[in-house]
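The values are calculated or read from the model by the stated rules, or taken from the named source; none is laboratory data. What you are looking at is a predicted structure, and each value in this text was computed from that prediction instead of being measured. Counting neighbours? That spans all protein chains shown, and the Cβs are built from the backbone with ideal geometry, glycine included.
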Amino acid sequence: MLIIDRYEGDWAVIENGGITFNLPRSLLPHDVKEGDVITISISVDQSATNERRQKGLEIMKGFFDS
């Protein structure tokens, strides 16, 4: 269970079973408040990952083709 413990400036302090961590407040819904229970879902943006990988390969190719 993830609970909004408090806000410290631009950061939300999240409590999870006695362990706390910080998240940028901008990543949370605007109406979330202290004491609210939240869920977090993380997924991979495969398209953006592939694009970044391709750009990196192009840069590396430029180093070795010279």
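Here are a few things to note about the model shown:
- I19 vs. criteria β-branched (V, I, T) and either surrounded by 11 or more Cβ atoms within 10 Å (Cβ to Cβ) or modelled with pLDDT of 95 or more (or both): yes
- Pair list, Cβ < 6 Å and 6+ apart or interchain, from the range 41-59 residues that are on the phi < 0 side of the Ramachandran plot to residues that are in a helix (DSSP H, G or I): none
- Residues being small (G, A, S) and surrounded by 12 or more Cβ atoms within 10 Å (Cβ to Cβ) - total across the range 1-16: 1
- Residues of the range 10-28 that turn out to be over 17 Å from I42 (Cβ atoms) and touching a residue at least 12 places away in the same chain (Cβ under 8 Å), as a count: 6
- Count - residues of the range 26-63 that are aromatic (F, W, Y) and surrounded by 10 or more Cβ atoms within 10 Å (Cβ to Cβ): 0
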